[in-house]
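Right, one structure below, let's go through it.
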Amino acid sequence: MGVLLFFEALFMTIATAVSWFYNDPDVGAFVTSSLITWLAGSLLLFLGAGAEERVSEREGYVIVAFVWILFSAFGLLPYYLSGYISSVTDAWFETMSGFTTTGATILEDIELLSHGALFWRSLTQWIGGMGIIVFCIALLPMFGLGGMQLYSAEMNGLSYEKLSPRISYTARHLYLTYILITGIEVVLLWLEGMDIFDAVCHSFSTIATGGFSTKNLSIAYYDSALIQYTIAFFMLISGLNFALIILLFRGKGMRLIKDEETHWYLGAVASVTLILTLGLIGDRFMELGTFGMKGQFWSLLEENFREGLFTTIATMTSTGYTVTDYMQWTPFLWCIVFFLMMTGASSGSTSGGIKWIRIIIFFKAGLAEFKRRVHPNAVVPIKINGNPVSQQAINNVMAFMVLYILTVVVSILVFCALGVNFDESIGAAFSAIGNIGPCLGQYGPAGTFASFPTLGKWIMTFVMLIGRLEIFTVILLFTRALWKK
C-alpha cells in the first residue's frame, strides 16, 4: 500500500507541475498534498518492513479494495486544501467519482477550478480507467505486489486475457496501448481546435470512460461536429476489449472482427443510435412542421444523428459526456437512455455497467432453458465464439446479476428514505453502480449532486466502488469464508 501511495504522490507531483506552469494560486496546496502522500507512503513502507512478501488471493482482494479507498482519501487533499471544495464529504465524493471513472460531480461551476485542479480531476479518471493495480504491476513487478492475485482481483470481470504467461508483461502492454490511444486522441483534438490543455484533460477522461470535462457545458461547449465525432469514436474504442485491441495491433485483427461480444456491442450502438435519431427528427418535425423543416432537413438530420450517436456511446460506455440535455427529450427517448445505463460495453474495457458478455450469456441461458422445457432430454450447450461456456461461468453471471439487482434495490430504498425522489433515486443507484455519472431529474446532464443528501453521497461512493470492482471483490470482504484459514 505504501508503494501504491508513492505512485499517487508521483501523479500528484505532475499535477503540481501543471499548476506551477500556469501560475495557479493553489500550487502550495498541491505541494502540501504531495508531501503528505509521500510521507504516508513512507510510513506504510516502514510499518511493512520485513513482512512476508507472498500475496495470497485473500490479500489480493483486500489490497485491491482498500487501495481505491486509500487513493481517494489522499486524492481529495488538493481539492480540500485549495478551498475549491470546502466539505470533506464533497471532496471525497468528487475524488472517488474520479478514480472509479463515474464522472458524477458536486461542482456547480467547474470553470472556477485552476488548471492544476482540472488536470488532477481528469488524471484521477485516467489512473482509475485501466486500474490502479494494473498500472503498478505494469511498472514495478520487482516489488512483487502479488502478480496474478492482484490482477485477477482487479480485472475480475468474466473475460480478461493474459497476453503472456508473465502477468507484468500483460499489464505493461495493456497500459502501453492505453497510453498510445490517449496520445492519438490528444493530437487529434488539438489539431481540431482544442487548446492542448483541454485536449489532454478530455483525452484522459474519454479513454478512461470517465466523463469529467473542463467546461460546465461538457462537450456541448465545443460547437464543433468534428470534435464531437472524434470523442464519440474514442469512447467507442474504449468500450472494446483492450486485449483484443492489442491483438489487432499485432496483426491478429480477426480475433476482434469475429468476437461475438463486439458484434453485440457495436450492433446495440447502431440500433439505439438509429432509434434515437428517428425519434429526435420526428420530434423536430412535429415542432416545426413540413414548412419549418424545408431547406434544413439534412442539417437537422445530421445534428440529430450526432446527438443520438454521442448520447448512445457516452451512456453505453459509462463515459457520461453530454452534448445535449436528454431530460428535455420525450419520455420514450430518455427512458431508452436510462436503460442503456445498465448495459455497459465490452468486458476488458474501461467502461462500467453489466457488460455485454454477461448479457449475452444471460440471454442464451434463458433461451437454453426454454429449449430444455420443450426437449427435456436434450443437451443444449451455451457457446460464445463457438466455444462452450462452463457451468461455473454461467453461475458467475447469475450470481452477479442477483447481487447487481440487490445492490440497486437497496440503494434505491436508502436514497428514498433520505428524501430523494423515487425516479431520481433509481437514476442515482444505476448511475453509481454503473459508473455512469449523470442520471435523471435534477441530477441529470444539466445538474450536479451538490444538493444530494450527505449520507447519500457516502453511500453513493461505496456503490461506485462496488460497481468499479464488479461487486465480488468488495462483497467478498464481508464474508466469513474469505477470512477462514
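The values are calculated or read from the model by the stated rules, or taken from the named source; none is laboratory data. Here the structure is a predicted model, which means the values were calculated and not measured. Glycine also receives a Cβ, built like all others from the backbone with ideal geometry; neighbour counts cover every protein chain displayed.
Just one of 330, 319, 312, 290 is among the β-branched types (Val, Ile, Thr) and modelled with pLDDT under 85; which is it? Spell out how you get there, then give the answer.
Working: 330 fails: modelled with pLDDT under 85; 319 fails: modelled with pLDDT under 85; 312 fails: modelled with pLDDT under 85.
The match here is 290.
Which members of region 347-363 meet the condition of being in a loop (DSSP other than H, G, I, E, B) and farther than 24 Å from residue 426 by Cα? Full working, then the answer.
From region 347-363, those in a loop (DSSP other than H, G, I, E, B) are 347-355; that's our starting set.
Correct list: 347, 348, 349.
Among the listed residues 19, 34, identify the single one that is over 30 Å from residue 478 (Cα atoms), small (Gly, Ala, Ser) and without any contact (Cβ under 8 Å) to a residue 40 or more places away in the chain.
Working: 19 fails: without any contact (Cβ under 8 Å) to a residue 40 or more places away in the chain.
Of the residues listed, the single one that is over 30 Å from residue 478 (Cα atoms), small (Gly, Ala, Ser) and without any contact (Cβ under 8 Å) to a residue 40 or more places away in the chain is 34.
How many residues are of a type in the set (Phe, Trp, Tyr) and free of Cβ contacts under 8 Å to residues at least 12 places away in the same chain when one looks only at region 47-81? Full working, then the answer.
So in region 47-81, the residues of a type in the set (Phe, Trp, Tyr) come out as 61, 66, 68, 71, 74, 79-80.
So of that shortlist, the ones also free of Cβ contacts under 8 Å to residues at least 12 places away in the same chain come out as 80.
Looking only at that region, the number is 1.
Report, by residue number, each residue of region 364-386 that is of a type in the set (S, T, N, Q) and surrounded by fewer than 10 Cβ atoms within 10 Å (Cβ to Cβ). Outline the logic, then answer.
Applying the first criterion (of a type in the set (S, T, N, Q)) to region 364-386 yields 377, 385.
Answer for region 364-386, where residues must be of a type in the set (S, T, N, Q) and surrounded by fewer than 10 Cβ atoms within 10 Å (Cβ to Cβ): just 377.
If you go through region 191-207, how many residues are crowded, with 16+ Cβ neighbours inside 10 Å and either in contact with a strand residue (DSSP E or B) (Cβ under 6 Å, 6 or more places away or on another chain) or part of a helix (DSSP H, G or I) (or both)?
So the answer is 11.
Looking at (1) part of a helix (DSSP H, G or I); (2) of a type outside the set (Gly, Ala, Ser); (3) touching a helix residue (DSSP H, G or I) at 6+ places or on another chain (Cβ under 6 Å), which is the one condition that is false for residue 439?
(1)
So residue 57 ticks every box in (1) over 26 Å from residue 459 (Cβ atoms); (2) modelled with pLDDT of 95 or more; (3) touching a helix residue (DSSP H, G or I) at 6+ places or on another chain (Cβ under 8 Å) but one. Which box is left unticked?
The number of the failed condition is (2).
Could you pull out the residue among 396, 387, 421 that is over 20 Å from residue 100 (Cα atoms) and touching a Leu at 6+ places or on another chain (Cβ under 7 Å)? Full working, then the answer.
Working: 387 fails: touching a Leu at 6+ places or on another chain (Cβ under 7 Å); 421 fails: touching a Leu at 6+ places or on another chain (Cβ under 7 Å).
Sole residue among the options that is over 20 Å from residue 100 (Cα atoms) and touching a Leu at 6+ places or on another chain (Cβ under 7 Å): 396.
Might you check whether a residue that is under 12 Å from residue 4 (Cβ atoms) and part of a helix (DSSP H, G or I) occurs anywhere in region 48-62? Spell out the reasoning first.
Quick first cut of region 48-62, residues under 12 Å from residue 4 (Cβ atoms) only: 48.
From the residues that got through so far, the ones that are part of a helix (DSSP H, G or I) too are none.
The answer is no; no qualifying residue exists.
Pick from region 325-342 the residues that are without any contact (Cβ under 8 Å) to a residue 40 or more places away in the chain and of a type outside the set (A, V, I, L, M, F, W, C): which of them is nearest to residue 272 (Cα to Cα)?
Selected residue: 331.
Suppose we keep only residues that are among the β-branched types (Val, Ile, Thr), modelled with pLDDT of 90 or more and more than 23 Å from the chain's Cα centre (by Cα) within region 235-285. Which one would you say is surrounded by the most Cβ atoms within 10 Å (Cβ to Cβ)?
Kept after step one, since they are among the β-branched types (Val, Ile, Thr), are these residues of region 235-285: 237, 245-246, 257, 262, 269, 272-273, 275, 277, 281.
Pick out the ones that are also modelled with pLDDT of 90 or more and you get 237, 262, 269, 272-273, 275, 277.
Narrowing further to those that are more than 23 Å from the chain's Cα centre (by Cα): 275, 277.
On the way: 275: 15, 277: 20.
Among those residues, the one meeting the criterion is 277.
Which condition number in (1) surrounded by 24 or more Cβ atoms within 10 Å (Cβ to Cβ); (2) more than 22 Å from residue 1 (Cβ to Cβ); (3) not acidic (Asp, Glu) is the one that residue 86 fails?
The failed condition is (1).
So which residues in region 208-245 are under 13 Å from residue 189 (Cα atoms) and either in a helix (DSSP H, G or I) or touching a residue at least 40 places away in the same chain (Cβ under 8 Å) (or both), if there are any at all?
219, 225, 226, 227, 228, 229, 230, 231, 232, 233, 234
Does residue 402 satisfy the criteria of being over 17 Å from residue 264 (Cβ atoms), touching a helix residue (DSSP H, G or I) at 6+ places or on another chain (Cβ under 6 Å) and not hydroxyl-bearing (Ser, Thr, Tyr)? If you could, list the steps in order and put the result at the bottom.
Working: over 17 Å from residue 264 (Cβ atoms): yes; touching a helix residue (DSSP H, G or I) at 6+ places or on another chain (Cβ under 6 Å): no; not hydroxyl-bearing (Ser, Thr, Tyr): yes.
Criteria not met by residue 402.
Taking the condition of being among the β-branched types (Val, Ile, Thr) and out of contact with any strand residue (DSSP E or B) (no Cβ under 8 Å at 6 or more places or on another chain), how many residues in region 340-361 meet it?
Taking region 340-361 first, the residues among the β-branched types (Val, Ile, Thr) are 343, 350, 354, 357, 359-361.
Narrowing further to those that are out of contact with any strand residue (DSSP E or B) (no Cβ under 8 Å at 6 or more places or on another chain): 343, 350, 354, 359.
Selection size over region 340-361: 4.
Would you check which residues across region 352-371 are more than 26 Å from the chain's Cα centre (by Cα) and among the charged types (D, E, K, R) and list them? First the steps, then the outcome.
Within region 352-371, the first condition is being more than 26 Å from the chain's Cα centre (by Cα), and the residues that meet it are 364-371.
Correct list: 364, 369, 371.
In region 20-32, which residue that is of a type outside the set (A, V, I, L, M) and within 14 Å of residue 84 (Cα to Cα) is surrounded by the most Cβ atoms within 10 Å (Cβ to Cβ)?
Here is the first cut: in region 20-32, the ones of a type outside the set (A, V, I, L, M) are 20-26, 28, 30, 32.
Filter once more, so that each one left must be within 14 Å of residue 84 (Cα to Cα): 24-26, 28, 30.
Numbers: 24: 21, 25: 11, 26: 24, 28: 13, 30: 28.
By that ranking, first place goes to 30.
Would you call residue 357 surrounded by fewer than 21 Cβ atoms within 10 Å (Cβ to Cβ), touching an Asp or Glu at 6+ places or on another chain (Cβ under 9 Å) and touching a residue at least 24 places away in the same chain (Cβ under 8 Å)? Before you say what the answer is, go through the steps one by one.
Values: surrounded by fewer than 21 Cβ atoms within 10 Å (Cβ to Cβ): no; touching an Asp or Glu at 6+ places or on another chain (Cβ under 9 Å): yes; touching a residue at least 24 places away in the same chain (Cβ under 8 Å): yes.
So residue 357 fails the test.
In region 90-116, what residues are part of a helix (DSSP H, G or I), surrounded by fewer than 24 Cβ atoms within 10 Å (Cβ to Cβ) and under 21 Å from the mean Cα position of the chain (by Cα)? It would help to see each step written out before you state the result.
Applying the first criterion (part of a helix (DSSP H, G or I)) to region 90-116 yields 90-99, 110-112, 115-116.
Okay, now just the ones that are also surrounded by fewer than 24 Cβ atoms within 10 Å (Cβ to Cβ), so 90-92, 110-112, 115.
Those that are part of a helix (DSSP H, G or I), surrounded by fewer than 24 Cβ atoms within 10 Å (Cβ to Cβ) and under 21 Å from the mean Cα position of the chain (by Cα): 90, 91, 92, 110.
Please enumerate the residues belonging to region 384-400 that are free of Cβ contacts under 8 Å to residues at least 12 places away in the same chain and in a strand (DSSP E or B).
Correct list: 387, 388.
Which of the numbered conditions does residue 68 fail, given that it passes all the others? Conditions: (1) aromatic (Phe, Trp, Tyr); (2) assigned to a helix (DSSP H, G or I); (3) more than 25 Å from residue 466 (Cβ to Cβ).
Answer for residue 68: the failing condition is (3).
Of the residues 17, 40, 29, 73, which single one is in a helix (DSSP H, G or I), of a type in the set (A, V, I, L, M) and within 22 Å of the chain's Cα centre (by Cα)? Write out each step before concluding.
Numbers: 17 fails: within 22 Å of the chain's Cα centre (by Cα); 40 fails: within 22 Å of the chain's Cα centre (by Cα); 29 fails: within 22 Å of the chain's Cα centre (by Cα).
Just one listed residue meets the conditions, 73.
Within region 317-368, which residues are among the aliphatic types (A, V, I, L, M) and over 23 Å from residue 394 (Cα atoms)? Lay out the reasoning, then the answer.
Residues of region 317-368 that are among the aliphatic types (A, V, I, L, M), as a first pass: 323, 327, 333, 336-337, 340-342, 345, 354, 357, 359-361, 365, 367-368.
Across region 317-368, the qualifying residues are 323, 327, 333, 336, 337.
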